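Student: Please see the structure below; I have some questions.
The values are calculated or read from the model by the stated rules, or taken from the named source; none is laboratory data. For clarity, every value in this text was computed on a predicted model and none was experimentally measured. Cβ coordinates were reconstructed from backbone atoms using ideal geometry, including for glycine residues, and neighbour counts include every protein chain displayed.
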Amino acid sequence: MKELFSNIRGDAFGGITAGIVALPLALAFGVSSGLGPSAGLYGAIFISFFAALFGGTNTQISGPTAPMTAVSMVVIASIVAANEGDVQKALPSILLVFLLAGLIQVLLGVLRLGEYIRYIPYPVVSGFMTAIGLIIIITQILPAIGYYPKEDHEFVERFKPQAEEIILENILREEAGEGILVIDNFEETIKRADEITPEAILKESKSLAAKNASGTIGALKVFPRAFKNINWLELILSLSTIIIVFGFKKITTKLPSSLVALIVISTIAVVFDLDYRTIEEIPSGIPMPHLDVFTNLDLGSISPYIFTALTLSILGAIDSLLTSVVADNMTKTKHKPNRELVGQGIGNSIAAIFGGIPGAGATIRTVVNIKAGGRTKLSGMIAGLVLLIIMLALAPVASKIPAAVLAGILVMVGVDVMDYKGLKAIPSLPKDLELGPIKLSTEVIIMLIVLGLSTFWDLIYAVGIGLVIASLMFMKKIGNMTGQRSSVKSIKETMWVDELNFPEKFKEEVFIKHINGPLFFGSTSDFSALTVQIPDTAMIVIMRLGRMQYMDQSGLYAMEDMLLNLKERNIEVLFVNLLKQPRYMMERIDIIPDFIGEDRIFKTFEECIAWINKNVKDQF
């Protein structure tokens, strides 16, 4: 408790800043999910507060994120469709799935499975993140140009025959359940069919139209109609938002560009009394729990979504722990992965009970918090309270925000979340798979498979398929190369025989590191920890790489990050006995020669020692 209040001023400023940054994104993610802006706000409030309170990363700011919202959007759309397009009717089942996802996260933490999350290969994460960006951009184009399929009368008319069939099927199903459906007597059926009103048919038709236009493929289908029915005012509002979000970053990063765009464009729309579409009304007052999640508990209705809840929980775990690593690097601390999962699970569970969408650790908000002075869990709790205060005080004002503004913000979120680092690396990655005369890169194949399946089919199955393919390809490579398992040991390791005569006078200035076995996605976490192990007295790091037979893309970027960090600390790196495949990988992204010149790569340890004797001076 004493530690919690050890940095009140910094935590208060960090929490307030992070809360303000989170506001426009929370509203936008809520709208994107299909449950409305209030669901995004509730998720941000409760996840931020409780994940910080019970989590294992002191500076983490949590809330709805792009990946979690993209998967939630699929869950919500499918459950709403199964409930005749009625969101309120579907809400208990939706929140029950979200609650289940949170409880699974708690279980993952209790079972101490947090440390296994690092075994997700980089190409799978890269393909998934790029797919998330594409999904958000494609689905937000429709609201950005002011086109809503449910309001396109000509489009809705197409679904009226199908709507009548569905309504009649529902009547027959009800009668069968009531035991009054008799083949030789359809009097009751005819009577009920006569009560089918044009209003009921129209409502069902609108639901079918919305379902048909949902998701990536649905949005692409209606693009031709959408571009013929552009609402120019909505388009101008969304484009103006995009321009401000993009342009303001070039001016300064001290103020969140999305918040600036939200305030500026919304103010203009209100002041000039423009005829724009607002977001759904945000309820004022304290959020109330949805107890019908428990009172109307129907495990049968959510059984098809148990795998989806598991995927949501794992995705949230990956998202959060990746952010935790970023926070560790910035604050030189070490997070507790299993405790972090418990905190995230508690936050998501409570958010679900209060009607919020699920979330995870948010990298941008966490970085903002740290830079603003946040150092303890209090900062994340304050961020949640700030959002609660804003909602209570400004709900009527926030309800006047143009829907097109949030669509513009989401388009930029989609642009930002895509993994450009992985995409740029595609041409340079080694072609290690031969299919007849064609040579391909296995890592590029995995990335593109996950990208394609996630964007146009199913996010959940795409990740599973990507993991299976990556695991099989990796096992084949390692099986061909070595039977030894990867070993990246800590600073306390046994000296090799030829190091026993290393000059005593350089033991403070020179740090020797051994890499035993492949540097791949399963060993990058331990490898990344190497940087903080290097003593402040070190001027030179010798990396002995003769036993590192293989390096994958995850290992490549871990190596690049370590070299960047050492360069910032003015520590020079020497390579000894660098093998062919790792060298090829490092040459593809110019680690060699940009970071490590040819004159810093030695075939033997003796050559390296000779260079040190000639070029290094004893400082201690």
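Student: Suppose the filter is surrounded by 23 or more Cβ atoms within 10 Å (Cβ to Cβ) and under 30 Å from Trp232 (Cα atoms); does Val405 pass it?
Tutor: Yes.
Student: Ok, one more. Select from region 122-148 the residues that are hydrophobic (A, V, I, L, M, F, W, C) and more than 14 Å from the chain's Cα centre (by Cα) and list them in ascending order.
Tutor: Ile137, Ile138, Ile141, Leu142, Ala144, Ile145
Student: I've got another one for you. Can you name every one of the helices (runs of 4 or more DSSP H) wholly within region 509-620 that holds 2 or more residues which are more than 31 Å from the chain's Cα centre (by Cα)?
Tutor: 580-588, 591-594, 605-615
Student: Another question, then. Just to be sure, is Glu154 among the charged types (D, E, K, R), assigned to a helix (DSSP H, G or I), at pLDDT 80 or above and within 40 Å of the chain's Cα centre (by Cα)?
Tutor: yes
Student: Does Lys567 satisfy the criteria of being without any contact (Cβ under 8 Å) to a residue 12 or more places away in the chain, under 19 Å from Glu598 (Cβ atoms) and in the same structural domain as Cys608 (by TED's automatic domain parsing)?
Tutor: So Lys567 does not fit the description; no.
Student: Being modelled with pLDDT of 80 or more, farther than 28 Å from Ala70 by Cβ and out of contact with any Cys (no Cβ under 6 Å at 6 or more places or on another chain), is that true of even one residue in region 454-462?
Tutor: No.
Student: Show the residue pairs meeting these rules: Cβ distance below 9 Å; 6+ apart or different chains; first residue within region 221-243 and free of Cβ contacts under 8 Å to residues at least 60 places away in the same chain; second residue in a helix (DSSP H, G or I) and not small (Gly, Ala, Ser).
Tutor: As it stands, the answer is Lys221/Asn212, since those pairs meet every condition given.
Student: In addition: In this structure, is Ile346 assigned to a loop (DSSP other than H, G, I, E, B) and out of contact with any strand residue (DSSP E or B) (no Cβ under 9 Å at 6 or more places or on another chain)?
Tutor: no
Student: Would you confirm whether or not region 319-338 contains a residue that is assigned by TED's automatic domain parsing to the domain that holds Ser93, of a type in the set (S, T, N, Q) and closer than 23 Å to Gln88 by Cα?
Tutor: No - not one qualifying residue is present in region 319-338.
Student: When both residues are 6+ apart or on different chains and their Cβ atoms are under 7 Å apart, which pairs have a first residue that lies in region 66-78 and is over 16 Å from Ala407 (Cα atoms), and a second that is assigned to a helix (DSSP H, G or I) and of a type in the set (Phe, Trp, Tyr)?
Tutor: Pairs that qualify, where the first residue is over 16 Å from Ala407 (Cα atoms) and the partner is assigned to a helix (DSSP H, G or I) and of a type in the set (Phe, Trp, Tyr), are Val75/Tyr305.
Student: Restricting to region 449-473, name every residue that is among the aliphatic types (A, V, I, L, M) and surrounded by 19 or more Cβ atoms within 10 Å (Cβ to Cβ).
Tutor: The answer is Val450, Leu451, Leu453, Leu459, Ile460, Ala462, Val463, Ala470, Met473.
Student: Let me ask something additional. Determine the pairs where a residue that is over 12 Å from Ile449 (Cα atoms), located within region 465-484, has a partner that is modelled with pLDDT under 75 and among the hydroxyl-bearing types (Ser, Thr, Tyr) with Cβ atoms under 8 Å apart, the partner being 6 or more residues away or on another chain.
Tutor: none
Student: Between residues in region 160-177 that are assigned by TED's automatic domain parsing to the domain that holds Asn212 and residues that are at pLDDT below 75 and assigned to a helix (DSSP H, G or I), which pairs lie under 8 Å by C-beta distance while being six or more apart or on different chains?
Tutor: Listed pairs, sorted by first residue: Leu168/Ala193; Ile171/Thr189; Ile171/Arg192; Ile171/Ala193; Leu172/Thr189; Glu175/Glu188; Glu175/Thr189; Glu175/Arg192.
Student: Within region 300-310, is there a residue that is at pLDDT 85 or above and on the phi < 0 side of the Ramachandran plot?
Tutor: yes
Student: Looking at region 520-547, which of the residues that are surrounded by fewer than 18 Cβ atoms within 10 Å (Cβ to Cβ) and among the β-branched types (Val, Ile, Thr) is modelled with the lowest pLDDT?
Tutor: Val532
Student: Could you check how many residues of region 349-370 are assigned to a helix (DSSP H, G or I) and in contact (Cβ under 8 Å) with a residue 60 or more places away in the chain?
Tutor: 11
Student: Does region 398-408 include one or more residues that are more than 24 Å from Asn231 (Cα to Cα) and not in a helix (DSSP H, G or I)?
Tutor: Within region 398-408, none of the residues are more than 24 Å from Asn231 (Cα to Cα) and not in a helix (DSSP H, G or I).
Student: Write out, first by first residue and then by second, each pair whose Cβ atoms fall under 8 Å of each other, whose residues are 6+ apart or on separate chains, and whose first residue, in region 545-561, is under 19 Å from Thr604 (Cα atoms) and in the same structural domain as Met447 (by TED's automatic domain parsing) while the second is aromatic (Phe, Trp, Tyr) and buried (at least 23 other Cβ atoms within 10 Å of the Cβ).
Tutor: So the pair list comes out empty.
Student: Out of Ser214, Ser240, report the one residue that is at pLDDT 85 or above and among the polar types (S, T, N, Q).
Tutor: None of the others qualify; the one that does is Ser240.
Student: Further question on the same structure: Just to be sure I understand, how many residues within region 214-252 are surrounded by 16 or more Cβ atoms within 10 Å (Cβ to Cβ), under 23 Å from Ala82 (Cβ atoms) and out of contact with any Asp or Glu (no Cβ under 9 Å at 6 or more places or on another chain)?
Tutor: 5
One line per residue, one yes/no per condition, for (1) charged (D, E, K, R); (2) closer than 27 Å to Ile426 by Cβ; (3) touching a Leu at 6+ places or on another chain (Cβ under 9 Å):
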{"residue": "Val541", "(1), (2), (3)": "no, no, yes"}
{"residue": "Met551", "(1), (2), (3)": "no, yes, yes"}
{"residue": "Leu556", "(1), (2), (3)": "no, yes, yes"}
{"residue": "Arg569", "(1), (2), (3)": "yes, no, no"}
{"residue": "Leu578", "(1), (2), (3)": "no, yes, yes"}
{"residue": "Lys614", "(1), (2), (3)": "yes, no, no"}
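Residue-wise test of (1) under 16 Å from Gln60 (Cα atoms); (2) not aliphatic (A, V, I, L, M).
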site	(1), (2)
Phe354	no, yes
Ser379	yes, yes
Val386	yes, no
Val397	no, no
Lys400	no, yes
Ala425	no, no
Ile445	no, no
